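See below for the structure under consideration.
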Amino acid sequence: MQERKEIKTALEQQIKKEASDEIELRLKQKDEQIDQIRKQLEEANRKATQGSMQVQGETLEHIIEEYLAENFPLDEINEVAKGRKGADCIQIINTRSKTNCGTIIYESKSTKAWSNDWIEKLKQDKIQASADIAVLVTATFPRNVERLTLIDGIWVCSLEEFRGLCHVLRDSLIKLDTAIASQQNKGDKMVMLYDYFTGSEFKSKWTAIREGFLAEKNMINKERETMEKLWSAREKNLEKIIKNAAQIQGDIEGISDLNSFNLNLLNE
């Protein structure tokens, strides 16, 4: 009788151990699956938030320089060495028929807070470089300013606006240089430049560029909404998986308790 009782006890312990091992294995597999899904969602989110970045880790300054060099191969694009005074980039405009039609300097800022000191510094950089135009490309605008503006003679714009503005400014300086060359001593360069930027031609050109940027912005917003819907759907699927995994765990624990209960009845 004692031997039979010992056999039952040993059998009960073995069944409990096997059930416990099986539960632990299944839970571990589910944890690994959930972890993989989470990593996939994090990777998808990381790629989506990169948006229109051309190269990960690329600075705003390098983006400006590379864009100018790629779109204006005849121009001289000079990077100001780190630690030296001056703007980030100097563009000397050249055409196939003439060199040095004008100079534009660019300064880039990617900080979250705006500083009025940027304008004063760039005004001094403009004088030092004997530049015709100075442009500040920034991720942050002054209060109550949302898009391209002119502050104390300095053009302030976003990176998206820069890609259109640089073409307009360059074309303006080329036309101005041509007009001056054909009408020597008939007008001051700065007066002519002011007249052009306050005239209807520049206004119409910039209006067309701005409308194009607004269209691009609307497309980006639509793409962002689509991605947010996709993330929401995947998060719901993840919640469903986690819920089902928890239910499986409960089922297994319930079965284990039931086996223990049946063994106790046999013992009695």
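The values are calculated or read from the model by the stated rules, or taken from the named source; none is laboratory data. Nothing here was measured: the structure is a model prediction, and the numbers come from that model. Here the Cβ is made from the backbone with ideal geometry for all residues, glycine too, and neighbour counts use every protein chain on show. Areas reflect the complete protein model, heavy atoms only, side chains present, ligands, DNA and RNA absent. Shrake-Rupley method; radii C 1.70, N 1.55, O 1.52, S 1.80 Å.
Once all protein chains are placed together, Thr95 keeps about 40 Å² accessible to a 1.4 angstrom probe.
Please go through the residue pairs Lys175/Lys205; Lys28/Lys243; Lys39/Lys236; Lys126/Lys203; Lys28/Lys240 and name each one whose alpha carbons sit more than 21 Å apart in this structure.
Cα-Cα > 21 Å for Lys126/Lys203; rest within.
Apply 1/(1 + (r/R0)^6) to the Cβ-Cβ distance of Thr226 and Ser182, taking R0 = 45 Å, and write down the FRET efficiency to the nearest 0.05.
Working: r = 53 Å, r/R0 = 1.18.
The pair Thr226/Ser182 has a calculated efficiency of 0.25.
At a 10 angstrom cut-off on C-beta neighbours, averaged per residue, how do the peptides 61-72, 210-221 rank from highest to lowest?
Numbers: 61-72: 16.8, 210-221: 11.8.
Per-residue mean Cβ counts within 10 Å order the peptides as 61-72, 210-221.
Accessible surface calculations at 1.4 Å, restricted to protein heavy atoms, place segment 186-234 at 79 Å² per residue. Among the protein heavy atoms, those of Arg234 account for about 80 Å² of accessible surface (1.4 Å probe, every chain in place).
What is the ratio of the Cα radius of gyration of segment 110-215 to 2.2 N^0.38 Å, with N the residue count, to two decimals? Display every interim value, and only then the final one.
Numbers: Rg = 14.9 Å, N = 106, 2.2 N^0.38 = 12.9 Å.
Computed over Cα atoms of segment 110-215, the ratio equals 1.15.
Inter-label distance, Lys123 to Leu214: 3.1 nm, where each label sits 7 Å from its Cα along the C-beta direction. Backbone phi angles across segment 88-102, fed through the Karplus curve with coefficients 6.51, -1.76 and 1.60 (θ = phi - 60°), yield HN-Hα couplings of 5, 8, 10, 10, 9, 7, 10, 10, 5, 9, 7, 9, 6, 7, x Hz in residue order; Gly and Pro are listed as x. Placing a pseudo-label 7 Å from each Cα along the Cα-to-Cβ vector at Val191 and Thr95 gives an inter-label distance of 2.3 nm.
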